[in-house]
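What follows is a short report on a single structure.
The values are calculated or read from the model by the stated rules, or taken from the named source; none is laboratory data. None of these values were measured; they are calculated from a predicted model. Because the Cβ atoms are built from the backbone with ideal geometry, glycine has one as well, and the counts that use them run over all protein chains shown.
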């Protein structure tokens, strides 16, 4: 009987001590905020295009932190998914809406307004998430190329379809040494 | 006019990887010749077996991994692995020993890591260590040099021994190991180890028959031959001088210090340098580019590290020869060594 | 898939505690030099897992979140002590062979992992099933590993069956082949790592095959695009 | 520094780590005078030939230019002008392939030579010693002098460093195999080079000038020693032949033992390095006023029968000089601009020679064999032994290949000078340099993208903030207005009228706005409404008003008239105004909100009035508007294969697709006469529709 008594006693005392320790730890080492969202937001391409189903990159970052899929960002492509999977510790999946093995290297694009067709309706200006379109009502608009994220949100609202999404042109300056991909130009 | 597009530089040195491997193999030849001279045709049989097994294993693995087989076999790396392993195995060990070793070396130590260039450990040494650990008996059955053998071992005997375990006349290998005077022979290092644990002094040990003038019979010459091959490699700039030099110097230094401190309780420097696999290891094993360090400083550290480990194992460890273990241990340290021995970049 | 089926699939294959979660590797690698040793430890672990999952599941609603781990450990430790005493009583020789690895079951992450991940969130019945399946998965790996190493190293199978199943099981021991020298590496710890690695590779290989067969059947749904500036227009 | 200069003077040489000794092959082109090929018929002068920004062209197509005339204007410091290589006519300014490994194009001025090769007016600065440095620098800049060694760094910038310069190194090492351009120049123009050096040193006031020449050019060494014998601050230093001794950083290390700090420039340690050819062209520019329009180019390789050095005008297409030098192209040849170690293979025979082209290498089939397939890296470390920058190429390769760019940068990827020594010695024939280039380009790209993303995020957040503020303001305003209304209601009973009015207005606004609702009603209404004047194709035509809008002419016209109608509005009676306004709004383009907002008061009123007036015409207008929107929404996909439509489209299809506008206008204007004044709009619309159709067809045809 003594054994049982001692056992209970010892365990009880231990429980008290460790209980106190745990209580202290809970108060002392409380985690305040979640830095994960910031890290995820860093990885996202900040096009603010909404193709993930969230209004902007930050909301999507929050959603990922709360357990949403990481494969909903078409502008980021596979590279972003891979980085996200490394950060969040989730298995990388193919981009939503595509098949396994399908290449999803995003093509960087810039919006371009065919200025002679623009009627100055300002709709695209209102649609642009980063205020990259200049113009006033009834005056021709134009896209600030450097600020455009290529989200194509301005294309649909345009009533006269005068906005094109053009791939960013490769110039000698931003050429990436892809020797294989160069077409042999035949001039004259 | 259409032009081909290519990346600079447009000119290349004409020495390719297969050639480098072949050079190393060729440099082994003097050592193999001397070894065959002293220990019989068994050495050559083992080498052939090892090479065959290694190349076959490599081909099978490549096939399974769905890689192109022939171009990769042509890089001669499997051949070299087999060769190095074949040299290390006792000449009269049974055939399956070396075959298992070669398969293990190629499959587990090389292909599973991703093939040539990806392996962390020296494949030949992995194979050797697996054999040594698994079949300690077979792997320590070095016959005495032919000149000392009581019963002459013919070519047929050798083949019979390797493939059946018994010689034509029905002797087992253990029986053949008995020399003219009826003593069981072992390698010099083995003898030293056993005798020292039996409280004999080093001078007494030297009187045993395996020794002549401070070095083991046959082993001195074998080492010399490998040294020769190594110098050829150095001259051809196939290997870098840093690893062998660091290795040999450190081994010399440590063994000299210990031998000076206790001349009776430890082997001499000469014995350390010219018996066992010292020279073979210094020029052919340690310099395996894939698993060795690649920075200038790192190579010195790597060579010295192996030497220290060899010295420790030989003198204080359980095995008479410790090169294989030392190499594997140092292999593990290579990424670390390389990381911390980066050269100073220009302008930094 | 019904939850019962799902749990079985998860425990035995998909989320196998040894091959996939890589939990409890210490005893796994240390004792599996023969099939019987593996079976013995596997059964012990299975029993503890079953007990702990049921107990945790029963009391799950009363455990404050902050101290759940200590509570789980306490439950598991008690069960391990029971198992240890039982083995000591009935399979003394096996108890001797397994040695420290029986008490070490307490620290087997597979068990506390199940308590944390499953039992603390599900009802006792499901938890018991989960424990059974996870335990079986673990046991199977132990047994296979032990069998392979035993065959490679000694050329035998079921050697020492009497330790686990009593005297009557002695004839179970099979001598598959005789070699002059055993393949020692298989018995030694490195062999455990190598064989384990190969087992995992094999499993992944089959998974990939299965995946290739199934692939193309499901395609992820299209996402409704959000209009960042929709509300600001109205 | 003084002691260092003493050491340098004593003849001591340091050495740099690594380096390789590829076969020299200089004998192919080393002998003989520098030849002058015939003039080409066309020259392609790229506007950008150097590091820095592209200058703006200052000539126009059709201009007659003289040899040496400035073709582009350099406004900022990092710009350099280009000059006409010969006299002739500017025939085009367009994108043309550039002397760049990418084979991409840049703006290029194309000059058709007239054969007279007539100089423009040149002015030298004979008494440059008396002039302020700024004037000399300006001369150098305006004559387009750039570093002729490799990168083409503008010379005037290098020579106007604010730091005190102790040492001027003239690089005549020319370490790349095959190339002998500098060698030939030194042999033939040593005195001019020394004169150029004097000009450069006059600007820099360095304590010592070292001319470094590799020991495989004995004649050049002799010539330079002879020419500089009288100059006490100039010494000729012979350096051992090893690749890449001619690299800026390596040569500095060999001559001074110092290292240029990572990411820095030689001026940071008091050193400036210029190429011998740069010194020569500086001399030509300052003393003779000749712009940089030609340079020595080595044409070599076993495919060229008359290998040697040539004075080549900048902008000459390589095909021209190759023909002159007797080039027989092998079946699958490469043509390399630059040397075999660092040169790049060019894509087209029309690639022009640029300021940095020092060699054209046309190897025979087995002279420089193509690299075999890349094999596994065996970590042999030969590359590390060969690297002149003491990098670990095998690690860089590893990380570059795995795209672990952070780790690659940790191993100092950006200190790689891409000399190619590592790839030269690699036994596995891995194109190491290519891996580094791709990695560097990707890292730069990534950095640019990150910066852009950061900016986008900031802008997005700012915008969100602004929208939120606006929303608050709107709510506040509405609240105030409601309160005010309440007050007035209580105060004044007669306000009821006003409310009625407001309601009417609101309704009108809604009507004019709700395009989507109108869409459904549109077709039916339109057919009825347009019965009187428009047959069905016509109404369909009206329906496509949106498309019509898409065309410039129509839009402009509409704009003008809408303006006018808007102007008329005030004068004419209310009903008419209303109609005009509505038309204007429609014509202005389905700009739902814009129209609603802008036209606010008037449009609202007019819409209300329109409703009240209830005339057939108004209904028609509305229908048109609705239809237009409907069509706009349905857009391109719908193809109406109406016979009548086809008629309208027909003439356009026959005409040149590039100029549909005038063609379309004709039938449209023909119809105009038959129509009443009020309907000139519908005619316009029709025209526009036709255009839109044509365009769609064109697109479809593509």
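Across segment B:103-123, a minimum of one residue is classified as assigned to a helix (DSSP H, G or I) and over 29 Å from residue B:320 (Cα atoms). Against the list (1) closer than 19 Å to residue B:83 by Cβ; (2) out of contact with any strand residue (DSSP E or B) (no Cβ under 9 Å at 6 or more places or on another chain), the condition residue B:253 fails is (1). Residue count for segment B:42-94 satisfying the condition of being in contact (Cβ under 8 Å) with a residue 24 or more places away in the chain and outside any helix (DSSP H, G or I): 11.
The residue that is farthest from the other protein chains (Cβ to nearest Cβ), among those in segment D:368-398 that are more than 25 Å from residue D:21 (Cβ to Cβ) and touching a residue at least 24 places away in the same chain (Cβ under 8 Å), is D:373. If only residues of segment D:291-341 that are on the phi > 0 side of the Ramachandran plot and more than 10 Å from every other protein chain (Cβ to nearest Cβ) are counted, the one that is surrounded by the fewest Cβ atoms within 10 Å (Cβ to Cβ) is D:326. Restricted to segment B:131-143, and to residues that are assigned to a helix (DSSP H, G or I) and either more than 11 Å from chain C (Cβ to nearest Cβ) or crowded, with 24+ Cβ neighbours inside 10 Å (or both), which residue is modelled with the highest pLDDT? Among residues in segment B:131-143 that are assigned to a helix (DSSP H, G or I) and either more than 11 Å from chain C (Cβ to nearest Cβ) or crowded, with 24+ Cβ neighbours inside 10 Å (or both), the one modelled with the highest pLDDT is B:131. Residues in segment A:18-51 that are assigned to a helix (DSSP H, G or I), surrounded by 10 or more Cβ atoms within 10 Å (Cβ to Cβ) and within 14 Å of chain C (Cβ to nearest Cβ): A:18, A:19, A:20, A:21, A:22, A:23, A:24, A:25, A:26.
Among the numbered conditions (1) within 12 Å of another protein chain (Cβ to nearest Cβ); (2) at pLDDT 85 or above; (3) part of a helix (DSSP H, G or I), the only one that residue A:54 does not meet is (3).
Residues in segment A:36-55 include none that are within 30 Å of residue C:64 (Cβ to Cβ) and out of contact with any helix residue (DSSP H, G or I) (no Cβ under 9 Å at 6 or more places or on another chain). None of D:149, D:103, D:144 is away from chain A (no Cβ under 14 Å), surrounded by 23 or more Cβ atoms within 10 Å (Cβ to Cβ) and on the phi > 0 side of the Ramachandran plot except D:144.
Annotation note: of D:437, D:459, the sole residue that is under 27 Å from the mean Cα position of the chain (by Cα), without any contact (Cβ under 8 Å) to a residue 40 or more places away in the chain and within 29 Å of residue D:257 (Cα to Cα) is D:437.
Could you list all residues from segment D:304-360 that are under 12 Å from residue D:40 (Cα atoms), part of a loop (DSSP other than H, G, I, E, B) and without any contact (Cβ under 8 Å) to a residue 40 or more places away in the chain? Those that are under 12 Å from residue D:40 (Cα atoms), part of a loop (DSSP other than H, G, I, E, B) and without any contact (Cβ under 8 Å) to a residue 40 or more places away in the chain: none in segment D:304-360.
This table checks each residue for (1) surrounded by fewer than 23 Cβ atoms within 10 Å (Cβ to Cβ); (2) within 14 Å of chain D (Cβ to nearest Cβ); (3) within 17 Å of the chain's Cα centre (by Cα).
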| position | (1), (2), (3) |
| --- | --- |
| B:7 | yes, yes, no |
| B:18 | yes, yes, no |
| B:23 | yes, yes, yes |
| B:28 | no, no, yes |
| B:35 | no, no, yes |
| B:42 | no, no, yes |
| B:48 | yes, no, yes |
| B:55 | yes, no, no |
| B:62 | yes, yes, no |
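For segment D:116-161, residues that are in a loop (DSSP other than H, G, I, E, B) and touching a helix residue (DSSP H, G or I) at 6+ places or on another chain (Cβ under 6 Å) total 9. Can you find, within segment B:267-300, the residue that is surrounded by the fewest Cβ atoms within 10 Å (Cβ to Cβ) among those that are closer than 17 Å to residue B:121 by Cα and over 17 Å from the mean Cα position of the chain (by Cα)? Checked segment B:267-300; the qualifying residue surrounded by the fewest Cβ atoms within 10 Å (Cβ to Cβ) is B:294. The residues of segment C:18-32 that are part of a loop (DSSP other than H, G, I, E, B) and more than 18 Å from residue C:131 (Cα to Cα) amount to a single one, C:32. Among the residues of segment A:57-86, those that are part of a helix (DSSP H, G or I) and closer than 17 Å to residue D:450 by Cα comprise A:57, A:58, A:61, A:77, A:78, A:79, A:80, A:81, A:82, A:83, A:84.
Filtering segment D:55-100 to residues that are in contact with a strand residue (DSSP E or B) (Cβ under 7 Å, 6 or more places away or on another chain) and within 14 Å of chain A (Cβ to nearest Cβ) leaves D:78, D:91, D:92, D:94, D:95, D:96, D:97, D:98, D:99.
Taking the criterion of being modelled with pLDDT of 90 or more and touching a strand residue (DSSP E or B) at 6+ places or on another chain (Cβ under 8 Å), would at least one residue in segment C:134-147 satisfy it? Yes, that holds for at least one residue. Screening the candidates D:354, D:281 for the property of being within 25 Å of residue D:196 (Cβ to Cβ), surrounded by 24 or more Cβ atoms within 10 Å (Cβ to Cβ) and more than 8 Å from chain B (Cβ to nearest Cβ) yields one hit, D:281. Residues in segment B:320-348 that are outside any helix (DSSP H, G or I) and more than 22 Å from residue B:256 (Cβ to Cβ): B:341, B:342, B:343, B:344, B:345, B:346, B:347, B:348.
Listed conditions (1) within 8 Å of chain B (Cβ to nearest Cβ); (2) not in a loop (DSSP other than H, G, I, E, B) are all met by residue D:442, apart from (1).
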